[in-house]
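Here's the structure we're looking at; comments come further down.
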Amino acid sequence: MKKIVALFTILALIAGCVFASGAPEAQQAAPVEKEMTHEELVAAAQAEGSLTVYTFTSRGSQVGAAFEAKYGIKTEVTQLSDSEMITKVTAEAKAGQGADIIFAQDSGRVLTELFDTGYVTKYVPAAVAAEIPAQYADPLVYDLNIKAFIFNNEKGDANVSNVWQLTEPEWKGRVQYKDPQKESVGMNFFVMLTSDEWAAKLAQAYKDLYGKDLVLTTPNAGYEFIKMLLANSVLGSSDSKICEAVGAKGQEQQLMGLFTINKLRTAAEKDLALEVDYDMVPFNGFMYPIYTALTSVCAHPNAAKLFMEFAYTEEGWEPMDTLGDNSPILGSSEDTLTIADWEKTLVIEDPDFLAAHRYEVEQFIVSIL
């Protein structure tokens, strides 16, 4: 009888331990947040009443005005440069108050200094998630901007089919682009050229053009191309000035520039002779992403989510819909090429590679300028 009582006692203790250990887990289980309907989100956003946006472009104010007119939510939009954006968002995150939502470029720094630190948080509206290509969803890309090699076509074709031709004596002083030390995305382009993938493509392009292997004086063909191109080039202070310098009519020598293709929109009214060199190998320019995210100190989360959703609609994208800006969902109504077409010919940023190698490439460029 004593053995039976002892057995029941042990079983009771075991049962008690099982239920006791299970209870805290049940209490700690977080409730699953229900996705709001669009109507519910609008009501919640309007109840918050206001919104603060940081953006990379002056056209962001037009998106903000359209959003405010549609929903009656007071929207303050501030344009910031890449460095200003990162510095300001970082300081505000530490202070505990600031903007609600950002639209930012310079993927390597945005990834490591804003996303990885938790100063901004990922969010993808349900309507956007259903349509956006997977490679542009994490982090969420709002805009894909394109810079390409563009030549003065007043006297015909530039006859440049391989980027190494731009390093030849014939082109010395005739190639222009924005100083990479003054523009993060331009620096990122050069950093990407030193990656194994692009260095290999450049080495092959050299061999295809000259029928022999490239003799290296630097770590790889990417570094070599940067060194030789910089030696041949004129660095400008802005894409607008470079565009006008390259496209001016009546020049004795034909010029080539690497700048944003949206400048072609004003070529006719400025009487400029400009044409994109679509046939260069192994690339004819570069494409870089603009990310959007909620800040960690977002005081109007529903308004911010609604604004993000609105930015991807035709109405919200309309102020941004120009040649050179491509929505991952809507594309560009002014471009004859699709994003998929451009992906085949452009150098595209890899945030992880940029974060790991930008410093060393920056130092290399400083040493040769």
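The values are calculated or read from the model by the stated rules, or taken from the named source; none is laboratory data. Treat the numbers as computed from the prediction; the structure is a model and nothing was measured. Ideal geometry is used to build each Cβ from the backbone, glycine not excepted, and the neighbour counts take in all protein chains shown.
Points to keep in mind about this one:
- Cβ-Cβ contacts under 8 Å between residues 6 or more apart (or on different chains), taken from a first residue in the range 128-142 that is among the hydroxyl-bearing types (S, T, Y) to a second residue that is assigned to a loop (DSSP other than H, G, I, E, B), are listed as Y136/P328; Y142/Y312; Y142/P328.
- Among residues of the range 80-119 being assigned to a helix (DSSP H, G or I) and charged (D, E, K, R), the one that is nearest to P351 (Cα to Cα) is R109.
- Hey, K155 over 16 Å from the mean Cα position of the chain (by Cα) and either surrounded by 21 or more Cβ atoms within 10 Å (Cβ to Cβ) or modelled with pLDDT of 95 or more (or both) or not: no
Let's see how each residue does on (1) surrounded by 18 or more Cβ atoms within 10 Å (Cβ to Cβ); (2) among the β-branched types (V, I, T):
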residue: T52; (1), (2): yes, yes
residue: A65; (1), (2): no, no
residue: V77; (1), (2): yes, yes
residue: G98; (1), (2): yes, no
residue: Q105; (1), (2): yes, no
residue: V110; (1), (2): yes, yes
residue: D116; (1), (2): no, no
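- Residue count for the range 201-232, restricted to those that are of a type in the set (A, V, I, L, M) and outside any helix (DSSP H, G or I): 3.
- Flag for D271 being among the charged types (D, E, K, R) and in contact with a helix residue (DSSP H, G or I) (Cβ under 9 Å, 6 or more places away or on another chain): yes
- Test result for M85, within 21 Å of D325 (Cα to Cα) and either at pLDDT 90 or above or outside the structural domain of M308 (by TED's automatic domain parsing) (or both): yes
- Of all residues in the range 289-326 being assigned to a strand (DSSP E or B) and in contact with a Phe, Trp or Tyr (Cβ under 8 Å, 6 or more places away or on another chain), the one that is surrounded by the fewest Cβ atoms within 10 Å (Cβ to Cβ): L294
- Qualifying residue in the range 182-189 (condition: modelled with pLDDT of 95 or more and in contact with a Leu (Cβ under 7 Å, 6 or more places away or on another chain)): yes
- Going through (1) among the hydrophobic types (A, V, I, L, M, F, W, C); (2) over 30 Å from D352 (Cβ atoms); (3) within 24 Å of the chain's Cα centre (by Cα) one by one, W198 falls short only on (2).
- Taken together, the residues in the range 185-200 that are outside any helix (DSSP H, G or I) and crowded, with 23+ Cβ neighbours inside 10 Å amount to 1.
- Count of the range 333-369 residues which are of a type outside the set (S, T, N, Q) and closer than 17 Å to E197 by Cα: 16
- Index of the failed condition, T260 passing every other in (1) surrounded by fewer than 21 Cβ atoms within 10 Å (Cβ to Cβ); (2) touching a helix residue (DSSP H, G or I) at 6+ places or on another chain (Cβ under 7 Å); (3) not assigned by TED's automatic domain parsing to the domain that holds T336: (1)
- Comparison of A273, A203 shows that the only residue that is surrounded by fewer than 20 Cβ atoms within 10 Å (Cβ to Cβ), outside the structural domain of T336 (by TED's automatic domain parsing) and in contact (Cβ under 8 Å) with a residue 24 or more places away in the chain is A273.
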